[in-house]
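These notes are about the structure you will find just below.
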Amino acid sequence: MNNTKQIPNYNEEKIGLQANLASMIAKESLDVFVNDANLLATEITSPLKVSVGDKTPLFELPNALGNTVSLQNYLDKGPVVITFYRGNWCPYCNLVLNAYQRILPEIKAFGANLIAISPQKPDSTLDMQEKQSLEFEVLSDDKNEVAKQFTTIIKNSIEAVDEAKKLGVDFYDFYDDQSRDIPVPAVFIIAADGTIIFAKSEGGDYSLRVEPQDILNALGHIAK
């Protein structure tokens, strides 16, 4: 019997998500979000603000319970995987964070930890963490003060915000900051000495995300 664990494939799982969305949401509504993603894909091709080999910016941010979490404290334990996401109103964020949760044992096996960061307020973050049964730190980055040091910050389009509200999702409910500013999704891996050894974003199209296998491959290179 082959007991090899199947690593989640985000792009494959995204196909199922998009089929579900198409069955639940009218095409004219979906087109608003598809057009938004396509426009961002054209406008934002290189969102990263730091590169492999750079020293990481250090930060302290509140977690879902309001407790302060220090990146340096985690680096003292080993490598850290950091993923920046938009919010728990975004189905693609939920999908990819769920996939990362499923590779958490493998991340831990490399001696690393995982941290997710968004500009959501802590109570929205706690709600998401509980619904998704996430076992890693999910931090609140008010006004994207940390995110802007790593990735590009954009304004969620009025069209997307308005269309989401018609579908019962009020974007503004998730944030203390009402600017509509959200990060372009990106993943970084920081070695214990603070050096960035992996930095990747799939660009402005927020339906595209860094594959779980890419993260594990990068951690494997550290271990060699």
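Restricting the search to region 19-58, which residues are free of Cβ contacts under 8 Å to residues at least 40 places away in the same chain and either over 20 Å from I153 (Cα atoms) or in contact with a helix residue (DSSP H, G or I) (Cβ under 6 Å, 6 or more places away or on another chain) (or both)? Answer for region 19-58, where residues must be free of Cβ contacts under 8 Å to residues at least 40 places away in the same chain and either over 20 Å from I153 (Cα atoms) or in contact with a helix residue (DSSP H, G or I) (Cβ under 6 Å, 6 or more places away or on another chain) (or both): A19, N20, A22, S23, M24, A26, K27, E28, L30, D31.
When I154, I222 are checked against the criterion of being in a strand (DSSP E or B) and either among the hydroxyl-bearing types (S, T, Y) or within 28 Å of K55 (Cβ to Cβ) (or both), I154 stands alone in meeting it. Looking across S179, S157, one residue alone is hydroxyl-bearing (S, T, Y), at negative phi and touching a residue at least 40 places away in the same chain (Cβ under 8 Å). It is S157. Reported count of residues in region 167-198, each being aliphatic (A, V, I, L, M) and crowded, with 22+ Cβ neighbours inside 10 Å, is 6.
Taken across region 88-109, residues that are small (G, A, S), in contact (Cβ under 8 Å) with a residue 12 or more places away in the chain, assigned to a loop (DSSP other than H, G, I, E, B) and touching a helix residue (DSSP H, G or I) at 6+ places or on another chain (Cβ under 8 Å) do not occur at all.
The combined condition, being among the charged types (D, E, K, R) and within 28 Å of R102 (Cβ to Cβ), is fulfilled by K5.
Each reported figure results from applying straightforward, stated rules to the coordinates on display, with no laboratory input. As the structure is a prediction and not an experimental result, all values here were calculated from the model. No Cβ is skipped: glycine too gets one built from the backbone with ideal geometry, and neighbour counts run over all protein chains shown.
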